[in-house]
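A quick write-up on the structure given underneath.
Laboratory data are not the source of any read-out in this text; all were calculated from the coordinates shown. Just so we're clear, the structure is a prediction, and the values are computed from it rather than from any experiment. So basically every Cβ, Gly included, is an ideal-geometry build from the backbone, and we count neighbours across all protein chains shown.
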Amino acid sequence: MTETVKRVRRGSIVYTDKWRGYDSLMFCGYKHLNIDHRYKFKQGKVYINGIEGFWSFAKERLIKHHGISRKKSLFYIKEMERRYNNRGKDLFEALVDLMLH
């Protein structure tokens, strides 16, 4: 919860699933709206299943390592974040663009 408070401006609308742990968001100065996964994963343009998609993607790739070092885990996760956010792009084109800028 403290990470949310550090990164999200108070007064923002925060969408979550119905896990009770998120109920305290309204006491931290956020407008909290939730979506019940039993019935739907999105409401209009609000789609809350993104983190599950990321972890599914990351676990599928990290399981091949049969465990990762706690000291280096952040580096593995950051690599998976970059791969996930660029999964639809041409890898060669992305590398050339990265090297030129």
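At-a-glance table
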item: Per-residue [θ]222 nm for the chain (sum of -39500 (n - 2.57) over DSSP H runs n ≥ 4, rounded to 500); result: -12500 deg cm²/dmol
item: Whichever aspartates and glutamates have a C-alpha closer than 18 Å to that of Lys59, once near sequence neighbours (fewer than 8 apart) are set aside; result: Glu79, Glu81
item: Selected from Tyr76, Val96, Gly53, residue furthest toward positive end of dipole (the stretch 50-100; charges at beta carbon); result: Tyr76
item: Rg to Rh, two decimals, where the chain supplies the alpha carbon set and Rh follows Kirkwood; result: 1.05
item: Acute angle (nearest 10 degrees) that the helix 73-85 long axis makes with the longest principal axis of the chain, alpha-carbon atoms; result: 90
item: Set Lys31/Lys71; Lys6/Lys72; Lys31/Lys89; Lys6/Lys64; Lys40/Lys78; Lys18/Lys78 screened for pairs whose C-alpha atoms are more than 32 Å apart; result: Lys31/Lys71; Lys31/Lys89; Lys6/Lys64
item: Alpha carbon centroid spacing (whole Å) that separates the stretch 56-98 from the stretch 18-40; result: 29
item: Computed lengthening from Arg9 to Asn85, 0.36 nm per intervening residue step minus Cα-Cα distance; result: 25.0 nm
item: Within the stretch 1-96, trypsin sites (Lys or Arg not before Pro) in DSSP loop having at most 12 other beta-carbon neighbours inside 10 Å; result: Arg9, Arg10, Lys18, Arg38, Lys40, Lys45, Arg70, Lys71, Lys72, Arg87, Lys89
item: Excluding exposed DSSP-loop chymotrypsin sites (Phe, Trp or Tyr not before Pro) (at most 11 other C-beta within 10 Å), longest clean stretch of the chain; result: 40-101
item: The chain: angle of helix 91-100 to the longest principal axis, Cα-based, in degrees nearest 10; result: 90
